[in-house]
1. Between E34, E55, E22, find the one with the highest GNM mean-square fluctuation for the chain; connect C-alpha pairs within less than 10 Å.
2. Of the residues L39, L21, L31, which exhibits the maximal mean-square fluctuation in a Gaussian network model of the chain defined by a 10 Å Cα contact cut-off?
3. Which listed residue (A15, V45, P30) has the Cα farthest towards the positive end of the charge dipole for the chain, taking +1 on Lys and Arg C-beta and -1 on Asp and Glu C-beta about the Cα centre?
4. Step through the residues of region 43-50 one at a time and calculate ³J(HN,Hα) from phi using the Karplus curve (6.51 cos²θ - 1.76 cosθ + 1.60, θ = phi - 60°), rounding each to whole Hz and writing x for Gly and Pro.
5. Can you list which of the trypsin sites (Lys or Arg not before Pro) found in the chain are DSSP loop residues with at most 12 other C-beta atoms within 10 Å?
6. Taking the Cα atoms of the chain, what is the range of coordinates along each of the three principal axes, in descending order and whole Å?
Amino acid sequence: MTGPFYFYGEGGVEALIFPYLEGGIIFVGPLGTEFKIGLQLRLGVEEYVYGGETEYSFYPEVGVALGLGFRF
């Protein structure tokens, strides 16, 4: 690690089919603590049932990712 700040990026799937991307900055504090802030883009889905007929709605979701970690 070269300094107290570094960038990160990750991607994957949730529930085996819903993709997500996340990226941001991690601040390394004293005693091995890490504070993370970033943006997350993921695919949302809603299920609608109208008189026995089922429809699905897919849409993008944007969120803020906050995290606290400790290194041993």
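1. In this elastic network of the chain, the residue with the biggest mean-square fluctuation among E34, E55, E22 is E55.
2. Judging by the Gaussian network model, the answer is L31.
3. It is P30.
4. So the J values, rounded to whole Hz, are 9, x, 9, 10, 10, 10, 10, 10.
5. Working: sites: K36, R42, R71; in loops: R71.
Answer in residue order: R71.
6. In descending order, the Cα extents are 58, 18, 18 Å.
Computed from the coordinates by the stated procedures, all read-outs in this text should not be read as laboratory data. Here the structure is a predicted model, which is why all the values come from computation and not from measurement. Don't worry about glycine lacking a Cβ; one is built from the backbone with ideal geometry, like all the others, and counts go over all protein chains shown.
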